[in-house]
Amino acid sequence: MSERNNDADRRVAEIIDQRVGSGESDLVVGWQQMLAGLLEKMAPFLSAGRLVTFRKLLPEEKTFFEDLHRDVVVPGHVTALFISPSVRHQMMGGLPTNEMDRAIPIQQRSPDAGILLACRAMDYQTIVNVLFAHPPHTPAVDVYDQGRLIAGYSYNTIPDCRKEIGIILGRHLSAQST
């Protein structure tokens, strides 16, 4: 392993060690169940070792996904799904995007560039949830395990966050059960 990867692994381990354990809570249990339900519904479209998304994306969402797909290495036993803001709004019953809205930069239409959900293939006990937040909000990664928030990471920029996702997936979604 390269020195750069070792440094990144040490940084991730330090963040985990510094994190205060939250314990199990009804709120986290409910949130993880909602994420697991979404991943279960999408399971027929997910493929181990690949990051997938939906067919219809806005042009800037497609560009974001292509960059994400290029930068994030998904371990072979992990499934990962990118949900763009426009797809998320449709799923939640939001208003469809019209041509006028497309002229407004995505940062003004949505507080984020989307989310990434990942878990071991067909195993929803541990879920990684990435939020690609635009300023003034913070891009972040939360890791849920059996109704507990076990790790949280925050980043200054979306590219900083994107660079560490593969490391986080490997660390928290190892082939062995936690």
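List of remarks:
- Taking 26 Å as the straight-line reach from the Cα of K41, the lysines in range (excluding those fewer than 8 positions away in the same chain) are K56, K62.
- Residue-by-residue Karplus 3J(HN,Hα) for the range 38-49, coefficients 6.51, -1.76, 1.60, Hz, glycine and proline x: 5, 5, 4, 5, 8, 3, x, 9, 8, 9, 4, x
- Amide H partners (placed H, <5 Å) of D112, local residues excluded: H134
- For T53, the amide hydrogen comes within under 5 Å of the amide hydrogens of F82, counting only partners 5 or more places away or on other chains and with H modelled in the peptide plane.
- Heavy-atom accessible surface of the range 119-169, averaged per residue, reaches 38 Å², computed with a 1.4 Å probe.
- Packing-based ranking, highest mean first, of 55-67, 131-143 given that Cβ atoms within 10 Å are counted: 131-143, 55-67
The values are calculated or read from the model by the stated rules, or taken from the named source; none is laboratory data. Note that the structure is a prediction, hence the values are computed from the model and not measured. A quick note on method: Cβ atoms are made from the backbone with ideal geometry, for glycine too, and the neighbour counts reach across all protein chains shown. In case anyone asks, the SASA skips ligands and DNA or RNA and just uses the protein heavy atoms, side chains included. Shrake-Rupley method; radii C 1.70, N 1.55, O 1.52, S 1.80 Å.
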